[in-house]
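Heads up: the structure comes next, in structure tokens.
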Amino acid sequence: MKIAVVGVGYVGLVAAACLAEGGNHVVCVDTDKKKIEDLKEGIIPIYEPGLTEIVERNFAAGRLIFSTDLKEGVDNSLLIFIGVGTPSAADGSADISAVLSVAGSVAEVMDGYRIIVTKSTVPVGTHKKVSDLISSKTSKPFDYVSNPEFLKEGSAVEDFMKPDRVIIGTTNPAVMELMKVLYAPFMRKKSRMLFMDPASAELAKYASNTMLATRISFMNEMSVLCEKVGADIEMVRAGMGSDGRIGSSFLFAGVGYGGSCFPKDVRALSYVGRQYECPMTIAESVQKANLLQHDRFAQKILDYYGGQAGEKVLAVWGLAFKAKTDDVRESPAIHCVKKFVEAGFKIKAYDPEAMENARAELGDSVEMSKNSYEILNGADALVIFTDWQEFRTPDFEDIVKRLKKPVIFDGRNLYDPAYIKKQGIEYHSIGR
Ligand code: NAD
């Protein structure tokens, strides 16, 4: 099929590359000129496992084209996917101005029937706004599909290639058939396509993200209680997760969730609840609990030093909001590091992929190093924020040798406390 993907970020680029890998002809359109020039040069703007190979392969095969010209994409495509950002506005609502701007521009340049598919996460009711906008700008026929994306950063390519489900929000049977054909290569064993009305599709995305965020915040609150009563959150997690009705995913306590989706989507759902006078009390509480969890972890460290930074140096492992991504948007690490800097601590940090993005957030306030062990030399403690694989079984002997005093604050519960103690390390983790 001939497809345009507008907005070439974590979602758009992965979707475009995977659709091209399936044999489709895909034009990727973005307003960011540098990004498009880089992509043409083979420079992939994000870190995502497995992405470089499929972008290179499909670019070389001529199935993946990069452009800043929306008309080029619309002229050559039946399906126009919108994958631009929908960040939080100041009031917590999702800012859909980029989606509307793209939809309006598509309407202005389309010369015949097109199917406009929204992959961006957009609040319920957006399908109507977009459809009305397009109708107001063109007399050409079109269909609108809400197709929210569920991929996860860090495993985005795999998630797109083998989705748990693909939600298609449309009431037009002909469009349903076309979408079935488009997604068939990604579900050869069994169809996992769900067809529904666009409003339900839009809401299914927010409900999913908020449910996942709720599980995390629930466990984080449990972890606080565990610390108070002398229980171990990892044992509590095992006890809960073995219940088939609960399952074991998304039950890890830690420093709180972050990233470009959960925080903004939980906020946006809360906003929609207020808008419709249907308070989303759980979503509101989940946000509060999450911010408290970030602050609690930072405060635990500040309290350990009696609020006196003095000449203290903290070595930080992990700046990305989670492992296997370079994304630092709303990362708990960035939130806490800013607090440490404010309190006067000197921070030396390492992340395998996210240091460049973190520098844009933290400026020169933090010294970054490409060597995770070098930053430990003479530091007062090691603070871990991200669960990168390489942090899971480090050389503890070396850590002890390098730190001024062997102290680890672990925001991800990566280690067995008994084992760490044997290594002569003072260990502070979450909820145990
Ligand atoms: P992103 O910021 O990585 O990428 C968005 C891209 O859109 C950027 O390259 C930007 O230059 C481009 N853009 C903005 N306005 C444009 C315009 N008018 N015309 C053309 N290009 C334009 O964002 P993302 O993380 O890929 O997220 C995109 C959407 O997908 C959001 O709604 C997000 O909530 C949703 N989503 C994201 C993820 C994820 O893990 N990142 C997962 C599922 C859904």
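Using a cutoff of 8 angstrom between alpha carbon atoms and counting only pairs six or more residues apart, the relative contact order for the stretch 34-131 works out to 25 percent.
Stokes-Einstein diffusion of the stretch 90-151 at 4 °C, 1.567 mPa s viscosity, Kirkwood radius from Cα pairs, rounded to a whole number: 107 µm²/s.
Here the stretch 108-250 carries DSSP beta bridges of which approximately 10% are antiparallel, counting only pairs with both residues inside. The alpha carbon gyration tensor of the stretch 284-328 gives principal lengths a ≥ b ≥ c with a/c of 1.5 or higher and a/b no greater than b/c, which makes the shape oblate. Charge dipole of the stretch 342-382 (Cα centre as origin; +1 on each Lys and Arg Cβ, -1 on each Asp and Glu Cβ, all else neutral): 120 debye, rounded to the nearest 20. Can you work out D for the stretch 46-181 in µm² s⁻¹ from Stokes-Einstein, where Rh is the Kirkwood radius over C-alpha pairs, the temperature is 4 °C and the viscosity is 1.567 mPa s? In µm²/s, the coefficient is 79. Report the residues of the stretch 118-156 in range of a label on Gln389: point 7 Å along Cα→C-beta, backbone N strictly under 20 Å from it. Correct set: 152-156. The value of relative contact order for the stretch 251-363, using C-alpha pairs under 8 Å at least six residues apart, is 28 percent. Extension gain, Glu37 to Glu158: 0.36 nm times the residue separation minus the Cα-Cα distance gives 41.0 nm. The HN-Hα couplings worked out from phi for the stretch 420-432 by the Karplus form 6.51 cos²θ - 1.76 cosθ + 1.60 (θ = phi - 60°) are 4, 4, 5, 7, x, 10, 7, 10, 10, 10, 10, x, 7 Hz, whole numbers, x standing for Gly and Pro. Only Lys, Arg, Asp and Glu carry charge here, each on its Cβ (+1 for the first two, -1 for the last two); on that basis the chain has a dipole of about 760 debye about its Cα centre. In loop segments of the stretch 89-186 as defined by DSSP, the chymotrypsin sites (Phe, Trp or Tyr not before Pro) with at most 14 further C-beta atoms inside 10 Å of their C-beta are Tyr113.
Within the same chain, lysines fewer than 8 places from Lys205 are excluded, and of the rest, those with a Cα less than 20 Å from its Cα are Lys119, Lys128, Lys129, Lys152, Lys162, Lys180, Lys264. Partner aspartates and glutamates whose Cα lies under 13 Å from the Cα of Lys288, excluding those fewer than 8 positions away in the same chain, are identified as Glu221. Dividing the convex hull volume of the alpha carbon atoms of the chain by its residue count gives 155 Å³ per residue. Each of Asn357, Met219, Asn147 was placed along the dipole of the chain (beta-carbon charges, centred on the mean Cα), and the one lying farthest toward the positive end is Met219.
Principal semi-axes of the equivalent ellipsoid, √(5λ) from the alpha carbon gyration tensor of the stretch 295-413, are 19, 17, 13 Å from largest down. For the stretch 22-77, the Stokes-Einstein estimate of translational diffusion at 4 °C and a viscosity of 1.567 mPa s comes to 111 µm²/s, using the Kirkwood hydrodynamic radius over alpha-carbon pairs. Please figure out what share of the DSSP beta bridges in the chain is antiparallel and state it in percent, rounded to the nearest 5. So the antiparallel bridges amount to about 5 percent of the total. Compared with the dominant principal axis of the Cα atoms in the chain, helix 262-275 is inclined by about 60°.
Loop-located GluC sites (Glu not before Pro) across the stretch 25-96 with a Cβ neighbour count of 10 or fewer within 10 Å are Glu41, with loop assigned by DSSP. Helix 51-60 and the longest principal axis of the Cα set of the chain meet at an angle near 30°. DSSP beta bridges fully contained in the stretch 79-185 are about 20 percent antiparallel. P(r) tail for the stretch 1-107: Cα pairs beyond 17 Å make up 50% of the total.
A dipole drawn for the chain from +1 and -1 charges on Cβ atoms has a positive end, and of Gly307, Ile36, Leu203 the residue lying farthest that way is Leu203. Where the alpha-carbon atoms of the stretch 50-123 are placed on the principal axes, they occupy 45, 35, 18 Å, in descending order. Would you list, by chain and number, the aspartates and glutamates whose Cα falls below 17 Å from the Cα of Lys401, excluding same-chain residues fewer than 8 positions away? Of all the aspartates and glutamates, those that pass the test against Lys401 - Cα under 17 Å, at least 8 places apart if same chain - are Glu374, Asp380, Glu426. Farthest toward the positive end of the dipole of the chain, out of Cys278, Val11, Ala298, is the Cα of Cys278, where the dipole comes from beta carbon charges about the Cα centre.
Can you give the percent of C-alpha pairs in the stretch 108-197 whose distance is more than 22 Å?
It works out to 33 percent of all Cα pairs.
Relative contact order, whole percent, for the stretch 113-176 stands at 36, derived from Cα pairs under 8 Å and 6 or more residues apart. In terms of Cα atoms, the Rg and Dmax of the stretch 225-280 work out to 15.7, 43 Å.
Every number in this text was worked out from the coordinates using simple rules, so none of it is lab data. Because the structure is a prediction, the values reported are computed rather than measured. Cβ coordinates were reconstructed from backbone atoms using ideal geometry, including for glycine residues, and neighbour counts include every protein chain displayed.
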